[in-house]
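Below you'll find the structure, written out as structure tokens, and then a few comments.
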Amino acid sequence: MTAVRVLLVDDQPLLRRSLAMIIDKEPDLEVVGQAGDGVEAQREARATRPDVILMDVRMPRVDGLEATRRICADPALDRARVLVLSMFELDEYVHEALRAGASGFLLKDARPEDLLEAVRRTHRGESLFAPSILTRLVHHFTSAPNPSPRRTSLGGLTGREVDVLTLVGRGQSNDEIATTLMISVKTVKTHLTHLLAKLRARDRAQLVITAYDSGLVVPRVAERTVRSGHCSRD
């Protein structure tokens, strides 16, 4: 079995060393490089071609959000997935990390076993967020005032794929989607695979953004405005 290649990016050498010790003990994981800032991160990523990059947010020269943006936009690193690590649950970090192309956001106080599982899940293409962060993330995209969606084209999707994408954007799990649409979980996973390929999305987190950008997820603020408008005409 080929080990998952991990790049550690943090400006604290002691933390990098501790993470490396935890990760390298796992037979299916391997630390292939380390970097102390965003500039080094991109250079090391190109040199080591990691599968997963554990990325700190606050670093000198180039911070983790900009480094994530550069790495995810680099065609040579299209297989690398970024898992952002932070001491803070600041919403703007989560939103910016997603926009930059990150596959997940994990707090540094996570237990070692949770961190290891996060690396594995990120490598598998699953989005990863602390529960409290995911709840606020979905709420942000569904209740933001004065939204300006990018109207991403969904012309290549089937009707059922649009249904699944809409429910993903609303924060539903695979089981919940299956129940809502009265289909099997296996069928849901098949639709998700097709969505990821057709929309060229890295993972589920990017599907949430696409659902918002395309207008499938109607912000609740806007929804209430429309409803009150209808009422005023009656």
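List of remarks:
- Residue within segment 181-189 that is in a helix (DSSP H, G or I) and crowded, with 18+ Cβ neighbours inside 10 Å present: yes
- Boolean, Ala178 is in a helix (DSSP H, G or I) and at pLDDT 90 or above: yes
- Meets criteria (within 30 Å of Leu15 (Cα to Cα), modelled with pLDDT under 85, within 19 Å of the chain's Cα centre (by Cα) and open to solvent by 20 Å² or more (accessible area, probe 1.4 Å)) for Ala205: no
- Residue within segment 161-179 that is surrounded by 16 or more Cβ atoms within 10 Å (Cβ to Cβ) and closer than 26 Å to Pro75 by Cα present: yes
- Restricting segment 190-202 to residues that are in contact (Cβ under 8 Å) with a residue 12 or more places away in the chain and in a helix (DSSP H, G or I), the residue that is least open to solvent (accessible area, probe 1.4 Å): Leu195
The values are calculated or read from the model by the stated rules, or taken from the named source; none is laboratory data. Fair warning: this is a prediction, and the values are worked out from it, not measured in the lab. Counting neighbours? That spans all protein chains shown, and the Cβs are built from the backbone with ideal geometry, glycine included. Side chains are part of the model used for accessible areas, which takes the heavy atoms of the whole protein and leaves out ligands, DNA and RNA. Shrake-Rupley method; radii C 1.70, N 1.55, O 1.52, S 1.80 Å.
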